[in-house]
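*Asks:* Got a structure here, written out as structure tokens. Questions coming.
The values are calculated or read from the model by the stated rules, or taken from the named source; none is laboratory data. None of these values were measured; they are calculated from a predicted model. Cβ coordinates were reconstructed from backbone atoms using ideal geometry, including for glycine residues, and neighbour counts include every protein chain displayed. The protein model used for the area step is the full one, side chains on, heavy atoms only, and it has no ligands, DNA or RNA in it. Shrake-Rupley method; radii C 1.70, N 1.55, O 1.52, S 1.80 Å.
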Amino acid sequence: QVHVVESGGGLVQPGGSLRLSCAASGSIFRAYVMGWYRQAPGKQRELVAFITSGGVANYVDSVKGRFTISRDNIQNTMLLQMNSLKVEDTAVYYCNTAPARADIWGQGTQVTVSS
């Protein structure tokens, strides 16, 4: 079983940066492919980046070159560095395994990009 807590969201102007953190409990964290998801108002939740247990990262086209996902399998944490933020990045961001497990969703962290 893996439980997650997301943090680091906030209000930022277009072009700004934020770093999201995911703290995961459970000794089996290191065995999972982990991902960052987001859900904007009125839209379905989408996977924006995921990282294998060995550190290989993949991104959806809309965030490539702007977001960087990383993980620490000792500390059981995962980060999402978000640069050059756009208004369309506004969403609640969640971490979960990839594919997602229904029993792991946390509260998420709100990211608002606005001038």
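*Asks:* Of all residues in the stretch 19-54, which are part of a loop (DSSP other than H, G, I, E, B) and farther than 20 Å from Ile74 by Cβ?
*Replies:* Matches in the stretch 19-54: Ala40, Pro41, Gly42, Lys43, Gln44, Arg45.
*Asks:* For Arg38, state whether it is open to solvent by less than 50 Å² (accessible area, probe 1.4 Å), modelled with pLDDT of 95 or more and either among the basic types (Lys, Arg) or more than 15 Å from the chain's Cα centre (by Cα) (or both).
*Replies:* Yes; evaluated as a whole, the condition is true for this residue.
*Asks:* Could you figure out which of (1) under 17 Å from Val33 (Cα atoms); (2) not in a loop (DSSP other than H, G, I, E, B) isn't true of Ser62?
*Replies:* (1)
*Asks:* Also, I was wondering about something else. Exactly one condition in (1) of a type outside the set (A, V, I, L, M, F, W, C); (2) farther than 17 Å from Pro41 by Cα; (3) in contact with a helix residue (DSSP H, G or I) (Cβ under 8 Å, 6 or more places away or on another chain) is not met by Ser70; state its number.
*Replies:* Among (1) of a type outside the set (A, V, I, L, M, F, W, C); (2) farther than 17 Å from Pro41 by Cα; (3) in contact with a helix residue (DSSP H, G or I) (Cβ under 8 Å, 6 or more places away or on another chain), the lone unmet condition for Ser70 is (3).
*Asks:* With the requirement that a residue be open to solvent by less than 10 Å² (accessible area, probe 1.4 Å), within 13 Å of Met34 (Cβ to Cβ) and among the aliphatic types (A, V, I, L, M), what does the stretch 77-115 give you?
*Replies:* The answer is Met78, Leu80, Ile104.
*Asks:* Which one is surrounded by the fewest Cβ atoms within 10 Å (Cβ to Cβ) among residues in the stretch 2-18 that are among the β-branched types (Val, Ile, Thr) and not in a loop (DSSP other than H, G, I, E, B)?
*Replies:* Only one residue tops the list, namely Val5.
*Asks:* Can you name every residue in the stretch 58-68 that is open to solvent by 40 Å² or more (accessible area, probe 1.4 Å) and either of a type outside the set (Lys, Arg) or under 12 Å from the mean Cα position of the chain (by Cα) (or both)?
*Replies:* Hits for the stretch 58-68 are Asn58, Tyr59, Val60, Asp61, Ser62, Gly65, Thr68.
*Asks:* Going residue by residue through the stretch 19-32, is there one that turns out to be open to solvent by 40 Å² or more (accessible area, probe 1.4 Å) and within 17 Å of Val113 (Cβ to Cβ)?
*Replies:* Yes: one or more hits.
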